[in-house]
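Here is the structure we will look at, set down as structure tokens.
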Amino acid sequence: MTQIHELGALELGKKIADREISAPEAVRHALGRMDLLDSTVNALITISGRSAYQQAKAIQKRLDAGEKLPPLAGVPLAVQDNISTKDILTTCASRMLHNYVPPFSATVIDRLVAAGGIVIGKTNLGEFAMDGTNETSHFGPVLNPWSTDHLAGGSGGGCAAAVAAGEVWYALGSDTGGSLRHSCSHCGLTGLKPTYGSVSRYGLVANASSLDQIGPVAESAADCAAVMALIAGPDPKDSTTQPMEFKPEPVNLNGLVIGLPEECFLPDLQPEIGKAVQAAAHQLAVLGARIEPVALSLGEEAVAAYCLIAAAEASANLARFDGIQYGYRPADPKHDDLSDYYCHTRQQGFGAAARRWIMLGTLILSAGYYDRYYLQASKARRLVKENLQKALAQCDLLLTPVAPSTAPRPGAGPDDLYNTCLANIFTVSANLSGFPALVLPCGLDHCNLPIGFQLIGSAFSDSLLLSVGTAYQEATAFHQLRPPHVGEKT
Amino acid sequence: MNKPLPQPLIDPKQISRVAHLARLNPDEAERVLLRQELERILRSFDRLEWPDTRNTEPIYHPHPDTNRLRPDEVQSPFDPADLIHESIGQDGFLMAPKTME
């Protein structure tokens, strides 16, 4: 018999609407899973059980009174801890914000809660969503529910680990250079990096504002589509949001052209990933799509441009944290002057990796370096976008791997920023161009670790991506695979 | 192609200057590490065969023409005083750190 945590988000929502399962029962089940598993995987920084239970009771009352609520009403969700939640700690996994309780919620949270969503926890991430593995979290790394010898990926590993471990049914994370997509790929989940401007960033603690985007993480593309239907659309509080139509409908893949860039199958791509991604392309062809080779340079220049732009924007965004109004305050009683106080606060409040990003960003924005590095990266960004547009003029969607390898082991990654960024070689182009990208599970490697593939579309083709993803998942079962033995303590 | 760029060189003074701009206070050991790492990164960038961008306009945003204005009206959904953590706020005032004798 299927257990509650084995249901998809929409399936649970339907059972709650049909009153086969009550919303408080779903919350109790989630809290039980967290109690059983989270000391092992470390997916959550804060569990808001009491407020979740209160919300669940209120929703149940409305359902019992015969009110018809949206499809995900009563389904508990987790939210990455860099998305503001009123009255719930929002730490960004940093000592700098270890005690920060926002007085407002992000627009995406307001929209989900208005539709009956229940925020039950805040998920772990790399500090300020800046690293690729989540090992820089002030609260320790997130381990992968598929193998606790491996990481969940990052920076948003907590989102993916919480859903993969069956602690929640869906989650919201952020994606700056591929973090949401990497962690979904490493944990066998479906995740969407929406078009920049399709989902409000109001209330997302900014890392790199021109690259950041909030997106859904869930078991299936259908679940992600249900979340997007609730969160997408213009927001007066975020002037970069755009009017858009989000209407995923069943799609006939006959006639759909999917471009497969041969450049993606690099010599250092883990061979099992290459095979699984090719098999996914074959499956889409069986469903009627035409797979065409396309030329797409995914060179190191795109990664370098990303690395420079992300560092520059992060250094500017993180300048606001000085310990005066909120956040970490050092214990040292005396300082020479206010500047000395700021320096002490920031030196102690930020972790070593965040300080490295800030130093790099500040350096390349300073006189003598700006033109040579930041300006060059911003020009390269235009070329990356034009390159992607050119490839998408030849096809409807592009199909690529997500990561060069499956989930890494703790401490196994490169220790310098540039090589850390190189792991994002397949994902940064979508952030630089603002285009949407969907990750879908497509296999397991010899260690039983999940493999994902990525579909990239033109701006505001989010509906098409999710429709194609749904068609793929109706014909395959990779998204239904569960981590074996999760939670069993040996 | 653009002309090859000279090797970057970051001297200790530049590290101190950047640390000051970033309002960070790294100790000597961290300064040495930062200098090595930043030099390594800049050298990695310089080694790449960048495309010819002399006639390319930079972009700073995925959709450069999207920013819109809204009416100049106060719309704050919360009192800024609510941001002040209770451990450092008192009676609506902020207890600033002591920086002078």
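The values are calculated or read from the model by the stated rules, or taken from the named source; none is laboratory data. Note that this is a predicted model, so its numbers are computed, not measured. Because the Cβ atoms are built from the backbone with ideal geometry, glycine has one as well, and the counts that use them run over all protein chains shown. Note: areas computed on protein heavy atoms with side chains; ligands, DNA, RNA excluded. Shrake-Rupley method; radii C 1.70, N 1.55, O 1.52, S 1.80 Å.
What to note about this one:
- Model label points for A:ALA367 and A:HIS98, set 7 angstrom from Cα along the Cα-to-Cβ axis, are 3.9 nm apart.
- For A:GLU272, solvent-accessible area (1.4 Å; no DNA, RNA or ligand), Å²: 60 Å²
- Pairwise label distance in nanometres, A:ARG290 with B:ASP46, each label 7 Å out on the Cα-Cβ vector: 4.9 nm
- When A:MET228, B:MET95 are compared by accessible area of protein heavy atoms, the largest-first order is B:MET95, A:MET228, using a 1.4 Å probe.
- Karplus 3J(HN,Hα) series, Hz, for the range A:274-283 with 6.51 cos²θ - 1.76 cosθ + 1.60 (x for Gly, Pro): x, 5, 5, 5, 4, 5, 5, 4, 4, 4
- In nm, spacing of pseudo-spin labels at A:ASN448 and A:ALA114 (7 Å Cα→C-beta vector): 4.5 nm
- 17 Å reach of a label modelled at B:LEU9, 7 Å along Cα-to-Cβ, counting backbone N of the range A:356-379: A:368-369
- Peptide B:45-55 has a mean of 5 when you count, residue by residue, the C-beta atoms of other protein chains within 10 Å of its C-beta.
- Full-extension gain in nm, B:SER16 to B:ASP72, via 0.36 nm per residue minus C-alpha separation: 16.0 nm
- Going by accessible surface with a 1.4 Å probe and the largest first, B:LEU94, B:LEU33 read B:LEU33, B:LEU94.
- When A:LYS122, A:LYS86 are compared by accessible area at a 1.4 angstrom probe, the order from most to least is A:LYS86, A:LYS122.
- Cα shape, the range B:14-67, gyration tensor, a/c 1.5 rule: oblate
- Heavy-atom accessible area for A:HIS29, with the other protein chains in place and a 1.4 Å probe, reaches approximately 50 Å².
- Disulfide-incompatible cysteines by the Cβ rule (no partner under 4.7 Å) in chain A: A:CYS92, A:CYS159, A:CYS184, A:CYS187, A:CYS224, A:CYS264, A:CYS343, A:CYS395, A:CYS442, A:CYS447
- Potential extension, A:LYS390-A:ASP416 segment - 0.36 nm per residue separation minus Cα distance: 6.1 nm
- Inter-centroid distance (Cα atoms) of the range A:210-284 relative to the range A:1-50, Å: 26 Å
- Summed side-chain charge close to A:TYR342 - residues other than A:TYR342 whose Cβ falls under 12 Å, Lys, Arg +1, Asp, Glu -1: 0
- Annotation for the range A:104-118 versus the range A:354-430: alpha-carbon center distance of 31 Å.
- Net charge over other residues, Cβ less than 12 angstrom from the Cβ of A:VAL199 (K, R count +1; D, E count -1): -2
- Helix content alone sets the calculated 222 nm mean residue ellipticity of the protein assembly as shown: runs of n ≥ 4 DSSP H residues at -39500 (n - 2.57) each, divided across all residues, give -11500 deg cm²/dmol.
- Counting DSSP beta bridges with both ends in chain A, the antiparallel % (nearest 5): 65 percent
- Electrostatic bookkeeping for A:ALA352 treats Lys and Arg as +1 and Asp and Glu as -1; over the other residues with beta carbon under 14 Å from its beta carbon, the sum is -3.
- The C-alpha atoms of the range A:1-80 occupy a region whose extents along the principal axes are 40, 30, 19 Å, arranged from largest to smallest.
- Anisotropy class assigned to the protein assembly as shown is oblate, per the alpha carbon gyration tensor with a/c at or over the 1.5 cut-off and a/b no larger than b/c.
- The range A:265-424: projected area of the alpha-carbon convex hull, averaged over directions, in nm²: 13.6 nm²
- Computed lengthening from A:LEU36 to A:SER339, 0.36 nm per intervening residue step minus Cα-Cα distance: 104.5 nm
- Rounded if a/c under 1.5, otherwise prolate or oblate - the range A:364-463, Cα gyration tensor axes: oblate
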